[in-house]
Amino acid sequence: QFLWHKLLSVYGGSPRTIVGTTVSGRNLPVRGIEESVGLYINTLPLIIDWEKDRSVLEQLHHIQDRSRALDENSTTNLSSLHLDGQRLFQSLLIFENYPISEEVKKGNGLPVSVRGSQERIDYPLGITAHEAPNGLTINLEYDGHYLSQERAASHLEAMSSLLDQLLEDIDRPQSG
C-alpha cells in the first residue's frame, strides 16, 4: 500500500491519495463466518495523507491505522460514498493474504489444479499483491487507453526502486 500510494502521490503531486482497497468483510455479524467458504470482500476508499515531516515508519503506521479503520467499516456500501455517480478513486489495490497451509509451505502443494482463469477489474489501474514462498508478487493491471505497456513497466520499476530505498532506512523522511 505504501508503494502504490507513494507512487500516486509523487506522480500526481498530491499530499493526499485515494485508492480503492479491498477489505475482508469477515466482521459481519454472521455466526461461523470465519469457517464459511465464499467471498465477503468489499472495496472502500483508503485515503492517505502525505505529511512531509513523517518518516517512512511513521507513514507506514498511518497507513496501517487507516487500513484498520476501513476494516471496521467493511459493511459500508461503496455506492453510498459516491457523489453524483462520480468515482472516488481510479485505481484499485488488492492484497491477497489467504492463509497458506503448512503442506504448501513445505512445498507439498495442494491436490487441486486450475485450468485457467481471467480476472477483470473495472478501474483504469489495479494492483494485486500476494505473498509467495520466495517473496512478494505484485501484478499491475491497466487499461491500455490510459497507460501504455512501457509506462506500466516504468511504474513497476519505480515501485521496486521505492521498495529498495524503503528497506535501506525505514526511519528516513518519506518525502525524499
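Points worth noting:
- Gyration tensor (alpha-carbon) shape descriptor, segment 133-176, a/c threshold 1.5: oblate
- Sorting Arg31, Arg16 by accessible area puts them as Arg31, Arg16; the probe is 1.4 Å, largest comes first, and only protein heavy atoms count.
The values are calculated or read from the model by the stated rules, or taken from the named source; none is laboratory data. What you are looking at is a predicted structure, and each value in this text was computed from that prediction instead of being measured. Ligands, DNA and RNA are stripped out before the accessible areas are found, and what is left, the full protein with its side chains, is counted by its heavy atoms. Shrake-Rupley method; radii C 1.70, N 1.55, O 1.52, S 1.80 Å.
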